[in-house]
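The values are calculated or read from the model by the stated rules, or taken from the named source; none is laboratory data. These numbers come from a predicted model, not from an experiment. All Cβ positions, even for glycine, are placed from backbone atoms using ideal geometry, and neighbour counts span all protein chains on display. Ligands, DNA and RNA are stripped out before the accessible areas are found, and what is left, the full protein with its side chains, is counted by its heavy atoms. Shrake-Rupley method; radii C 1.70, N 1.55, O 1.52, S 1.80 Å.
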Amino acid sequence: MILSLLQEPAAASHVDTLAPVVLALAVILAAAKLGGDAAERIGQPAVLGELVVGVLVGNLSLLGVDWFQFITANATIGVLAQLGAVILLFEVGLESTVRDMMKVGLRSLLVAVLGVVTPWVLGWWVGSLLLPDHSVYVHAFLGAALTATSVGITARVLKDLGHAQSPEARIILGAAVIDDVLGLVVLAAVAAVIAAADSGAALSYGALALVLGKALLFLFGALTLGVLFSPRLFSFASRLRGRGVLLATALVFCFTLAWLASTIGLAPIVGAYAAGLILEDVHYKDLAAKEDWQLEDLIRPISAFLVPVFFVLMGMRVDLSALMRPEILALAGALTLAAIIGKQACALGALGARPRLDWLSIGIGMIPRGEVGLIFANIGLTLVVRGEHIIDSATFSAVVIMVMLTTLITPPALKWSLGRGEGRGSNLRG
């Protein structure tokens, strides 16, 4: 009875429109917390559990249970998931600052550049090899989906093992900031070229240079001007009365930059990430002292609500039946291998350092794709060239499997690598 009501077209009443949304949110949040708990009990990040439980719920139809199909078809849930991605990238940006990005050093910069270029090339090659009937734009986007690193997973493992302040950790975390920026620039360039191709415009080096310049100008322009403007914005906000001023001001800043990024043809997540990078504790210290809250603590409940919607919905969009096709299973395996090998190129940036660095741990620490890889894949679902979706449901499933596998293997691999380094003692530094 309930299911039949959910599957009927929305009626004129407000209740009928709202009911499927609140039920979908109840299902998603309950599934996310159960999946996250199961993952953490076996030493894996909660995000992996949220993804896996989404895959399971979304594919119950293979067993004849289609109770939850209304969730993926609901446009409001899709918007909330996209908003979750914006909040997620804002939160990731808050973990670093522009100052951190400027002082990463040449070593971290080299690690980051190698960690973006190599996976992009390998992903492009894998796409052209295994999807020869698809356009070059599909191959380029697959490469772009392999570029960014989910440093949160690595940071947690390093902290748990007491290596958060090691030279290797500083290289990894510093490189990851630049890695994310470069990955977003690559995404912007590829997405803009695809959009131009769909409109019939010819691809030229000049057009590509213009897109790259626009992405870089926005990012670094926003970072430069934002650092100057942000303290004044929060100084003004500190004079306002009422509760929740700090959170509201930060979200206004985040959403405005996300909108500005969108208006010039970039993904909104680029602006959200830039907003997070810009904001520093010193910008809003008076307002934080007045409200007795830190911004990260205020963002966390919003993130706990919206981000699981994104991860579970991404999992639900995976079509496990597509993985029964040998070519899609091969694509998932090849993308995973390219993702792992591509990030090992990061280790080359650590060679020749004094004191000697554990290059293997640096390469492993850059492997997980996590949230940014999923966001890239989700954007790919919306891009079309001459009627061909850049990422179709089968290719999307292969990318999500790659994200899950790289996320799954990194914690144990990094523990092994760091343990191996401790066993060898000071030889690694010698």
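Can you tell me which of (1) of a type outside the set (Asp, Glu); (2) part of a helix (DSSP H, G or I); (3) touching a residue at least 12 places away in the same chain (Cβ under 8 Å) is the one GLY265 doesn't meet?
Result: GLY265 fails condition (2) only.
Between residues in the stretch 293-321 that are in a helix (DSSP H, G or I) and residues that are of a type in the set (Phe, Trp, Tyr) and modelled with pLDDT under 85, which pairs lie under 8 Å by C-beta distance while being six or more apart or on different chains?
If the second residue must be of a type in the set (Phe, Trp, Tyr) and modelled with pLDDT under 85, the pairs left are LEU295/TYR284; MET316/PHE68.
Out of ALA188, ALA192, ALA176, I need the residue that is modelled with pLDDT under 80, under 26 Å from GLU280 (Cα atoms) and in contact with a Gly (Cβ under 8 Å, 6 or more places away or on another chain). Which one? Break it down stepwise before answering.
On the way: ALA192 fails: under 26 Å from GLU280 (Cα atoms); ALA176 fails: in contact with a Gly (Cβ under 8 Å, 6 or more places away or on another chain).
Checking each option against the conditions leaves just ALA188.
Residue-by-condition table, conditions (1) within 18 Å of the chain's Cα centre (by Cα); (2) of a type in the set (Asp, Glu):
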| residue | (1), (2) |
| --- | --- |
| GLY333 | no, no |
| ASP358 | no, yes |
| SER361 | no, no |
| LEU374 | yes, no |
| LEU405 | yes, no |
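Consider ILE264 against the criteria (1) more than 13 Å from VAL86 (Cβ to Cβ); (2) at pLDDT 85 or above: it satisfies all of them except one. Which criterion is unmet?
(2)
Conditions tested, residue by residue: (1) among the aromatic types (Phe, Trp, Tyr); (2) at pLDDT 80 or above; (3) crowded, with 20+ Cβ neighbours inside 10 Å; (4) touching an Asp or Glu at 6+ places or on another chain (Cβ under 7 Å).
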{"position": "CYS346", "(1), (2), (3), (4)": "no, no, yes, no"}
{"position": "VAL372", "(1), (2), (3), (4)": "no, no, yes, yes"}
{"position": "ALA377", "(1), (2), (3), (4)": "no, yes, yes, no"}
{"position": "VAL384", "(1), (2), (3), (4)": "no, yes, no, yes"}
{"position": "PHE396", "(1), (2), (3), (4)": "yes, yes, yes, no"}
{"position": "THR406", "(1), (2), (3), (4)": "no, yes, yes, no"}
{"position": "ILE409", "(1), (2), (3), (4)": "no, yes, no, no"}
{"position": "GLY425", "(1), (2), (3), (4)": "no, no, no, no"}
{"position": "LEU428", "(1), (2), (3), (4)": "no, no, no, yes"}
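If I filter the stretch 39-58 down to residues being open to solvent by 50 Å² or more (accessible area, probe 1.4 Å) and not in a loop (DSSP other than H, G, I, E, B), which single residue comes out as farthest from PRO412 (Cα to Cα)? Spell out how you get there, then give the answer.
To start, the set of residues in the stretch 39-58 that are open to solvent by 50 Å² or more (accessible area, probe 1.4 Å) comprises 40-42, 52, 56.
Narrowing the set further to residues that are not in a loop (DSSP other than H, G, I, E, B) leaves 40-41, 52, 56.
Details: GLU40: 13, ARG41: 14, VAL52: 18, LEU56: 24 Å.
Ranking the qualifying residues of the stretch 39-58, first place goes to LEU56.
Consider the stretch 275-285. How many of its residues are in a helix (DSSP H, G or I) and crowded, with 16+ Cβ neighbours inside 10 Å?
Qualifying residue count for the region: 6.
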